[in-house]
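All remarks here apply to the structure that follows.
What follows draws every value from the coordinates through simple rules; no lab data is involved. Predicted, not measured: the structure shown is a model, and the values here were computed from it. Because the Cβ atoms are built from the backbone with ideal geometry, glycine has one as well, and the counts that use them run over all protein chains shown.
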Amino acid sequence: MAFTLTINGETRSVEVEGDTPLLWVLRDTLGLVGTKFGCGAAQCGACTVHIDGAPVRACITPVRRVGDKKVVTIEGVGKDPVGAKVQDAWKTIDVPQCGYCQAGQIMSATALLTANPKPDDAAIDEAMNGNLCRCATYIRIKAAIKAASGQGA
Amino acid sequence: MDGEMLRDPTRRLFLQTGAALGGGLMMSFSLSSVGHAAGEGTLNAYVRIAPDGGVTIVSKVPEVGQGIKTSLPMLIAEELDVEWSAVTVEQAIADTKVFGRQVAGGSMATTLEYDGLRRVGATGRALLIAAAAARWGVPAETCATEPGFVVHGPSKRRLAYGELAQAASALTPPDPKSLTLKDPKAFRIIGQPHRSGDLDAIVTGQPVYGIDVRVPGMLYATFAKAPTFGARVASVDLAPAKAVAGVKSAFVVEGGTALTGLLPGVAVVADSWWAARKGRNALEIQWADHPTKAQSSAGFAARAAELSKAAPHRTLRSDGDVDAAFKGAAKVVSAAYDYPFIAHANLEPQNCTASFKDGKVEIWAPTQNPEPGRKLVAAALGVAETDITIHLVRVGGGFGRRLMNDYMVEAAMISKLAGAPVKLVWTREDDTQHDFYRPGGWHNFTAGLDAKGDLVGWRDHFVTFGEGEQFATAAGMNATQFPCRAVDNYRLDVSVMPLGAPTGFLRAPANNAFGFVIQCFTDELAVASGQDPVAFRRKLLGEPRLLGDPGQGDSFHTGRMRGVLDLVAEKSGWGRKTSKGTGLGVACHYSHLGYVAVVMEVSVSKGALKIHKVWAAADVGSQIVNPSGAEQQVQGSILDAIGATLHQAITFENGAAVQSSFADHPLLRMTEAPPVEVHFKLSDNRPTGLGEPAYPPAPAALCNAIFAATGKRIRSLPIGDQLA
């Protein structure tokens, strides 16, 4: 089936089965491989993207349900001032180890700071607890979120 | 025992040190095959300098999150004398003829490369000086360098490296061993925090991982293997898979019987991974019976209980007379410990991209250890090793899983049979159920304490997996774990049972379990003798001295351990009063040439555990190469260990792993991650690796803290609901 998607501000047409998760449309059909596959069951958060600004697990989101909503991925989130600030903080704090989960972490953090510009520890925990980091960079993730929100590291 | 010792990474890699440093191997002048810009001067296999002064440094070891792609090039850049901002790091291709050992394992890269790669940089610098001296007609001895420039002091002339590199590349390099390296006091790059060159790409989602590889004409593959490890395909209906839109082909891969090689299974190849997965789900596969189908964790536990009570199969070491020591002891303490199998659970599922064409194979592999993969592929596909090209791509978490190359040989074979380049990606379920697991084990301890509370005898009857004198991979034990050689009467006995599941090296292999059992039982002895746990350990360590022979990987310096124990006690405020339900626990362990002590502060309230804070002190020699990466490795190791200790166990039924995802084999989450304060104690020893040694003391520090808080002794992992 043909679907017309709005991804990172661009209109993209794809011809895929309607049950194909958005994750695989992004990765295999459109070549946007920044969004990562970790589990396929919304357990790890590696595939987090924004749909109309809300953090969503792309691995369980069938493409047919996306409709005309605006999708933002890690490749496009830097065009958003909050996203750019989060990416900068990730670099300043030197968050990643292997780095594989960090696209999803950055998408979740950007959604958090957009909705809540000065989150406290509890708000950070709540927003980020669905994003696993196998290297356990959680200490620096938290520091980077605080830095991006102007609350010091 | 010999077989196991040879497989022990610390030991094995130690033996290679001499060859790596002595053979002149580092300075191979084969040209790297990738990425040459016009006019570049190639100084050696690791260093190219462009006319504009841009420096490309090749990193030889796979990057798996340990930060080696930053820290090894830092060693070269320091002695080459360039600005780090001018450096671009390029990942080496797998080629041992040029690069020697290219393994991300055993925490050995820093240990093995610290001297050699500095000499690579120093050799490049010497060539640039020689080129400048020739151009100026002055003796090389009168020239020096400033970052990126050769300078001639007497005439105040200077030439940029970029202007010299081509001329320098034509000169004969000096013997690396003849060069004088920088005094560490003069380091400008080593010892300063540096970020990964991949950082921009990571935070903007650019393709850097194995799973991101795309090559022209590439198809996508899934591969279904038997839940019972190694079972063959009895029958399969491929038609439903082939009927799925996008599926190009589906076929049986015969495979062999070795669990470390290409196993039997069914491949589905499609024009997208989702189609390949749907096709795979549509398969109706009947798996043949397999001799290991009767295996179960319940069966292992029952057999372990029998073996624990029976006379041991053999004694690995016996010093003095433990039985006499126990008879004469004022107090004898016994306790039994066990720990489960666990999986590596890399966040990037196992994957590999391979292209077989005209008898040659090109591979893009997220591997920690490419060369054994090359051998597997050569044998399985019947191609020459020299006809296999392996590109190393950034790895989404190693932890030892990708020392194995099963995914590599699968991808290569599927590409050959499909007649197209393929990217094989495992599902999360495949990844959890076809790991090379950290093996479970059982330890039956007895110790004797004299009237002063001193340890007079220590015995461990270790029940593990293996057959005869052969341990299953990563299931053996080196006989010299502390307090061996510090106590007069010591015995290590072992008994084994057979295992038909794949096991392998997981971060701080074997030590990740020994740290738990030995340091928890040590804590029990402190309590039984009425002594403070830190004071008891200090007494046990005694005077600073080396236990074992100098230069051996299993030699243990009591003074270095005492140093980190004292440091962590000081930083954590050990001995302070804590409120009811709160406690401090300590543990210290030596592995991978590193000495690490850890203290944790925890509270338990109504069965709910909270880890308030962790302090760690590590002695990995005289120099921390990259303080940012070093802190991360210590924090990551400890939090990794906490996650495993709290939650993780792989169990077996019907010869297959029961768990299949993060839901039933959970990773640590942010809410469970305490702050970890990291301290390094610099010592007059060569710098060694940090990817692993902070893991082993952490589980024991946690369980000892739980005891301090609650009086409950955790002797079986995971902790799970034991505090409820």
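Here the gap between B:Lys606 and B:Ala486, fully extended at 0.36 nm per residue and compared with their Cα-Cα distance, gives a gain of 39.2 nm. Take every DSSP beta bridge whose two residues both sit in chain B; close to 75 percent of them are antiparallel.
Partner shielding of B:67-73 amounts to 1, given as the average count of beta-carbon atoms from other chains within 10 Å of each residue beta-carbon. Rounded, prolate or oblate for chain B? Axes are the square roots of the Cα gyration tensor eigenvalues, ordered a ≥ b ≥ c, and the cut-off for rounded is a/c under 1.5. It comes out oblate by the Cα gyration axes. Take each peptide in B:260-266, B:189-195, A:127-133, count the other Cβ atoms within 10 Å of every residue, and average; sorted highest first, the result is A:127-133, B:260-266, B:189-195. For region B:522-680, the direction-averaged projected area of the alpha-carbon convex hull comes to 12.9 nm².
One decimal place: the segment B:Lys360-B:Lys185 gains 58.0 nm when fully extended, by the rule 0.36 nm per residue minus the C-alpha distance. Comparing B:Thr70, B:Gly191, B:Ser296 along the charge dipole axis of the protein assembly as shown, the residue lying farthest to the positive side is B:Gly191, per the Cβ-charge model.
Taking every alpha-carbon pair under 8 Å whose residues sit at least 6 apart, chain A reaches a relative contact order of 23 percent. Bridge orientation summary for the protein assembly as shown: considering DSSP beta bridges with both residues in this region, about 75 percent are antiparallel. Short-range pairs are left out: with C-alpha atoms under 8 Å and at least six residues apart, the relative contact order of region A:77-148 is 45 percent. Cβ crowding within 10 Å, taken as a proxy for footprinting-reagent exposure, orders A:Cys135, A:Cys59, B:Cys352 from fewest neighbours to most as A:Cys59, A:Cys135, B:Cys352. Partner aspartates and glutamates whose Cα lies under 19 Å from the Cα of A:Lys69, excluding those fewer than 8 positions away in the same chain, are identified as A:Glu10, A:Glu15, A:Glu17, A:Asp19, A:Asp52, A:Asp80.
Across peptide B:346-358, the average count of Cβ atoms from other chains found within 10 Å of a residue's Cβ is 3. Dipole of chain B computed with +1 at Lys/Arg Cβ and -1 at Asp/Glu Cβ about the Cα centre; of B:Ile642, B:Val98, B:Val602, farthest Cα towards the positive end is B:Val602.
Counts of other chain beta carbons within 10 angstrom of each beta carbon in peptide A:137-143 average 6. Residues whose amide H comes within less than 5 Å of that of A:Lys70, counting only those at least five positions distant or on another chain, are A:Asp52 (H built at 1.01 Å from N in the peptide plane).
Here region B:363-488 is assigned +1 on the Cβ of each Lys and Arg and -1 on the Cβ of each Asp and Glu. Its dipole about the Cα centre then comes out at about 400 debye. Kirkwood's formula applied to the C-alpha pairs of chain A gives a hydrodynamic radius of 15.4 angstrom. As a rough footprinting exposure proxy, the listed residues B:Cys484, A:Cys47 were ranked by other beta carbons within 10 Å of their own, and the order from fewest upward is B:Cys484, A:Cys47. Total lysine pairs in region B:525-684 at Cα distances under 30 Å, for residues eight or more apart or on different chains: 19.
Between A:Cys47, A:Asn131, A:Thr73, the Cα set farthest toward the positive side of the dipole of chain A (charges on each charged residue's Cβ, about the Cα centre) is that of A:Asn131. Compute the long axis of helix A:81-93 from its Cα atoms, compare it with the longest principal axis of the Cα atoms of chain A, and write down the angle in degrees, 0 to 90, nearest 10. The two axes meet at around 50 degrees. Any lysines with Cα under 26 Å of the A:Lys70 Cα? List them, leaving off those in the same chain fewer than 8 positions away. List returned: A:Lys36, A:Lys79, A:Lys85, A:Lys118.
A viscosity of 0.890 mPa s and a temperature of 25 °C, combined with the Kirkwood radius over C-alpha pairs in the Stokes-Einstein formula, give region A:2-72 a diffusion coefficient of 208 µm²/s. Taking each of B:Lys225/B:Lys248; B:Lys60/B:Lys185; B:Lys225/B:Lys423 in turn, the alpha-carbon distance tops 25 angstrom for B:Lys60/B:Lys185. Taking the centroid of alpha carbons for each part, region B:581-646 and region B:285-358 are 25 Å apart.
To the nearest ten degrees, helix A:102-115 and the longest principal axis of the Cα atoms of chain A are 80 degrees apart.
First check a/c for region B:570-610, with a ≥ b ≥ c the square roots of the eigenvalues of its C-alpha gyration tensor; if it is under 1.5, answer rounded, and if not, answer prolate when a/b is larger than b/c or oblate otherwise. Oblate is the answer for region B:570-610, as a/c is 1.5 or above yet b/c matches or exceeds a/b. Based on C-alpha pairs under 8 angstrom that are at least 6 apart in sequence, chain B has a relative contact order of 14 percent. Here the simple spin-label model places points 7 Å from the Cα toward Cβ, and for B:Glu543 and B:Gln470 these points are separated by 4.6 nm.
Applying a length cut-off of 15 Å (Cα extent along the axis) and a mean Kyte-Doolittle floor of -0.5 to the DSSP H helices of chain B leaves B:9-22, B:68-80, B:109-136, B:297-309, B:370-381, B:406-418, B:511-528, B:558-572, B:627-647, B:697-710. Let me know the shape class of the protein assembly as shown, please: from the alpha-carbon gyration tensor, a ≥ b ≥ c as square roots of the eigenvalues, rounded when a/c is under 1.5, otherwise prolate if a/b is greater than b/c, or oblate. It is rounded, given that a/c, with a ≥ b ≥ c, falls under 1.5. Think of it as helices only: each DSSP H run of n ≥ 4 in chain B is worth -39500 (n - 2.57), and spread over all residues that comes to -9500 deg cm²/dmol at 222 nm.
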